[in-house]
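Participant: After the structure tokens below, expect a handful of questions from me.
The values are calculated or read from the model by the stated rules, or taken from the named source; none is laboratory data. Being a predicted model, the structure only gives us computed values, none of them experimental. All Cβ positions, glycine included, derive from the backbone under ideal geometry; neighbour counts span all protein chains shown.
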Amino acid sequence: MENAELIAGYTEHINAGLARVLAFMGMDATAIRAEGPYVYDDRGRRFLDFLGGYGVFNFGHAHPRIVAAVKAELERMPLSSKLLIDEPAIRAAKRLSAVTPGEISKFFFTNSGTESVEGAIKLARLHNGRASFVYARGSFHGKTLGSLSASGRDQHREPFEPLLAQFIQVPFGDADALSAVVDENTCAVLLEPLQGEGGINVPPDGYLREVREITSAHGALLILDEVQTGMGRTGYNFACEREDVVPDLIVLAKALGGGVMPVGAIGGTPEVWAQFEQKPLIHSSTFGGNPMACAAADAALQVLVEEKLAGRAGRTGEAFLADLMKLREKYPKILADVRGRGLMIGLQFTSTDVAEIAIGAILAKELLVAFTLNAPEVVRLEPPLNTPQELFPEAVSRLDTALGEATALVEQYA
Ligand SMILES: Cc1ncc(COP(=O)(O)O)c(C=O)c1O
């Protein structure tokens, strides 16, 4: 199809509002192909992908080993009967068990992040039967009704209320505030170890450990949502490793599918899984755990470990963050803060309008970026963890030029 026909089709059959947003950003072009750290469009542009599919492309686009694993399953048995045992699911679960923290050794495969969160909420309730959940302001756990009940942005929740009852919101990073609401009625505390869509919010050192102590003291579960922070993104295979914190349930998706297949997973300890094993059909998914998805997860986990991508993200991220801090000093009129861990970095602009201007200028330099969903004044940088080293100075140079242009525009209209 010609580009004009595609845009008309998008407007007519997908979402006219989104089509307007894409046109406004100059992104009403068609993606042709993607490989490694690059995305190519039909206008002949080659974007350096520092958005990374919102945390999906930790391994870059179309990683050959992951693609090969999926192709092999496609030819062998793309979907299964589900009545017999599927080897790829067992392989992926074993590999997950080897890399996830502590006693986590049981897995339920899903197709997305929000499905993983929904399942974790149900398994927590099934385990202890308690009523309330505690979650953090600014959090993002997905957009189905259960996950939305733990969403830290009113704008996303309010049109759908009433949501699930007894979901209590606390400020993120404040262990005292959490301690004040966790009690014998608390089923679980649900947190991201480092908030992604909330604006790349890094909690104070020791916060996660304190949360673990508070939940354990009251017999409440700790559910960590590592959908975005997991699979090496923050310099650790899973962000909770930094404080040696072991959750009762871990929630995964995004990069688990290696950037090739949609895959999510809920991981839990044998203790939390006990009730589920008594009633194994109380939670299920037709497509969850399918052979192609699990082959992708299995291959992605091998690449993560063998290519030591977590360590690489930690080292590269530190140097990249230092360079970005210099940009903050250079452009104080528009850049309010730069923060992050590993290759999960946020540039906070002075306002949402300024962020919009900056995003336009950055995209025009063929560098893919986007704002965070719950904090649109923050632009996130989440490049593939295996991005060649020389592309980081290249990205800094493009950002430098774009921020210079954005500053000039802001000054012109101020
Ligand atoms: C931390 C976190 N949890 C859950 C989700 C929801 O994942 P999905 O969009 O696959 O449902 C996201 C998506 O951005 C996320 O960042």
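Participant: Tell me the residue from Lys82, Lys94, Lys143, Lys122 that is surrounded by fewer than 20 Cβ atoms within 10 Å (Cβ to Cβ) and under 17 Å from Leu373 (Cβ atoms), please.
Facilitator: On the way: Lys82 fails: under 17 Å from Leu373 (Cβ atoms); Lys94 fails: under 17 Å from Leu373 (Cβ atoms); Lys122 fails: under 17 Å from Leu373 (Cβ atoms).
Checking each option against the conditions leaves just Lys143.
Participant: Are there any pairs, at least 6 apart or on different chains, whose C-beta atoms fall under 6 Å, with the first in segment 321-336 and under 15 Å from Val379 (Cα atoms) and assigned by TED's automatic domain parsing to the domain that holds Glu405 and the second crowded, with 16+ Cβ neighbours inside 10 Å and of a type in the set (Lys, Arg), and if so, which?
Facilitator: Leu335/Arg328
Participant: Output the number of the condition that Ala131 fails; it satisfies all remaining conditions of (1) loosely packed, with under 15 Cβ neighbours inside 10 Å; (2) touching a residue at least 60 places away in the same chain (Cβ under 8 Å).
Facilitator: (2)
Participant: So, in segment 139-161, exactly how many residues are part of a helix (DSSP H, G or I) and within 11 Å of the ligand (Cβ to nearest atom)? Show your work before the answer.
Facilitator: Initially, segment 139-161 is screened for residues part of a helix (DSSP H, G or I), giving 145-149, 154-160.
Then keep just the ones that are within 11 Å of the ligand (Cβ to nearest atom); that gives 147-148.
Number satisfying all stated conditions: 2.
Participant: If you don't mind, there's one more thing I want to ask. Looking only at segment 58-75, decide whether some residue is surrounded by 14 or more Cβ atoms within 10 Å (Cβ to Cβ), within 16 Å of the ligand (Cβ to nearest atom) and not assigned by TED's automatic domain parsing to the domain that holds Gly267.
Facilitator: Yes: one or more hits.
Participant: Can I ask one more? If I ask for residues that are closer than 25 Å to Thr234 by Cβ and either in contact with a helix residue (DSSP H, G or I) (Cβ under 7 Å, 6 or more places away or on another chain) or free of Cβ contacts under 8 Å to residues at least 12 places away in the same chain (or both), which ones from segment 160-173 would you list?
Facilitator: We begin by selecting, within segment 160-173, every residue closer than 25 Å to Thr234 by Cβ; these are 169-173.
Scanning segment 160-173 gives Val170, Pro171, Gly173.
Participant: Sticking with this one: Residues that are over 30 Å from Leu83 (Cβ atoms), touching a residue at least 12 places away in the same chain (Cβ under 8 Å), within 16 Å of the ligand (Cβ to nearest atom) and not in a strand (DSSP E or B): does segment 259-282 have at least one?
Facilitator: Just the residues of segment 259-282 that are over 30 Å from Leu83 (Cβ atoms), to begin with: 259.
Keeping just the survivors that are touching a residue at least 12 places away in the same chain (Cβ under 8 Å) gives 259.
Those still in the list that are within 16 Å of the ligand (Cβ to nearest atom) too: 259.
Those left that are additionally not in a strand (DSSP E or B): 259.
Yes: segment 259-282 contains one or more residues that are over 30 Å from Leu83 (Cβ atoms), touching a residue at least 12 places away in the same chain (Cβ under 8 Å), within 16 Å of the ligand (Cβ to nearest atom) and not in a strand (DSSP E or B).
Participant: Applying the selection to segment 45-84, what residues are acidic (Asp, Glu) and part of a helix (DSSP H, G or I)?
Facilitator: We begin by selecting, within segment 45-84, every residue acidic (Asp, Glu); these are 49, 73, 75.
Across segment 45-84, the qualifying residues are Glu73, Glu75.
Participant: Is it the case that segment 346-357 has a residue that's touching a Gly at 6+ places or on another chain (Cβ under 6 Å) and either part of a loop (DSSP other than H, G, I, E, B) or crowded, with 19+ Cβ neighbours inside 10 Å (or both)? Walk me through how you get there before you give the answer.
Facilitator: Filtering segment 346-357 down to residues touching a Gly at 6+ places or on another chain (Cβ under 6 Å) leaves 346.
With the extra rule that they be either part of a loop (DSSP other than H, G, I, E, B) or crowded, with 19+ Cβ neighbours inside 10 Å (or both), the set shrinks to 346.
Yes.
Participant: Further question on the same structure: So Glu366 ticks every box in (1) more than 16 Å from Asn201 (Cβ to Cβ); (2) out of contact with any strand residue (DSSP E or B) (no Cβ under 6 Å at 6 or more places or on another chain) but one. Which box is left unticked?
Facilitator: Against the list (1) more than 16 Å from Asn201 (Cβ to Cβ); (2) out of contact with any strand residue (DSSP E or B) (no Cβ under 6 Å at 6 or more places or on another chain), Glu366 comes up short only on (2).
Participant: Could you tell me which of the residues Phe371, Phe349 is in contact with a helix residue (DSSP H, G or I) (Cβ under 9 Å, 6 or more places away or on another chain), within 16 Å of the ligand (Cβ to nearest atom) and either more than 21 Å from Asp41 (Cα to Cα) or of a type in the set (Phe, Trp, Tyr) (or both)? Please lay out each step first, then the result.
Facilitator: Values: Phe349 fails: within 16 Å of the ligand (Cβ to nearest atom).
It is Phe371.
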